[in-house]
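Okay, structure first, notes after.
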Amino acid sequence: MRFYLSFYLLLAISSLSAQGFSYEEGLKNCDSARQVLNKQIEATGKWMGLRAECLTGANLPDFTATTMDGKTIDRNYFLGKVTLINFWMKTCGPCISEIPGLSKLKDEFDTEKVNFLAIGRTNEAETDTFLNLHPWNFDQVLNGKPLIEDVFKFGWGYPVTMLVNKKGQIILSFNGGVIGDSGQIVHDRLKPLIQAELSK
């Protein structure tokens, strides 16, 4: 069943993905995928969660935010750079498990060419507490909860990782995180993709 859903998503975005399409269109793709998923759940009786792949090909939405160290995140932050964005929750085991692999990626790339941004479904105090327990070298948004709920409008689980090209298009969006692997799987998946984008 998952194959058919993935194939459906591929057909839904293939005609638009070359140039990118609006984030709102990406959310419509997700709504369409959710309808298909609900029918599959009804037919099989098995629960299946919506996957973040439905946003692949969409352009990143415009937003402004501030990081824990006072940096402004806006259109200029993304301009001409490859960007890796990770969305997390403080109680999410897989989110915590993949932090070492994500931090390793930042250590391996020039931050003049690649942004590393994390957005937690947390307020400022919760983010600060989390980072004291789980050090993480990404730019951390100060108050990510409104961004996740009002701008990105998440309807799927955590963690979610997005790779954004120099033009601001989400070229990869996926759910990830495996408890106990220290982020090696997500690291190995993303490293060649970042290298490929930097070579363009």
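Laid out as a table, the results:
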item	result
Helices (runs of 4 or more DSSP H) wholly inside region 87-152 that include at least 2 residues being touching a Phe, Trp or Tyr at 6+ places or on another chain (Cβ under 6 Å) and either aromatic (Phe, Trp, Tyr) or over 20 Å from THR64 (Cβ atoms) (or both)	99-108
Inter-residue pairs, beta-carbon under 6 Å, first closer than 22 Å to ASN132 by Cα and in region 63-91, second among the β-branched types (Val, Ile, Thr) and in a loop (DSSP other than H, G, I, E, B), 6+ apart	LYS90/THR122
Top-ranked residue in region 172-193 [being surrounded by 18 or more Cβ atoms within 10 Å (Cβ to Cβ) and in contact with a Leu (Cβ under 8 Å, 6 or more places away or on another chain); ranked as modelled with the lowest pLDDT]	GLY183
Qualifying residue in region 114-121 (condition: more than 30 Å from ALA33 (Cα to Cα) and within 16 Å of the chain's Cα centre (by Cα))	yes
Residue within region 40-54 that is part of a loop (DSSP other than H, G, I, E, B), of a type in the set (A, V, I, L, M), closer than 24 Å to LYS145 by Cβ and at pLDDT below 95 present	yes
Residue list for region 55-72, filter: hydrophobic (A, V, I, L, M, F, W, C) and under 12 Å from LEU147 (Cα atoms)	PHE63, ALA65
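The values are calculated or read from the model by the stated rules, or taken from the named source; none is laboratory data. Note that the coordinates shown come from a computational prediction; the quantities given were computed from them, not determined experimentally. Note that each Cβ is placed from the backbone with ideal geometry, even for glycine, and that neighbours are counted across all protein chains shown.
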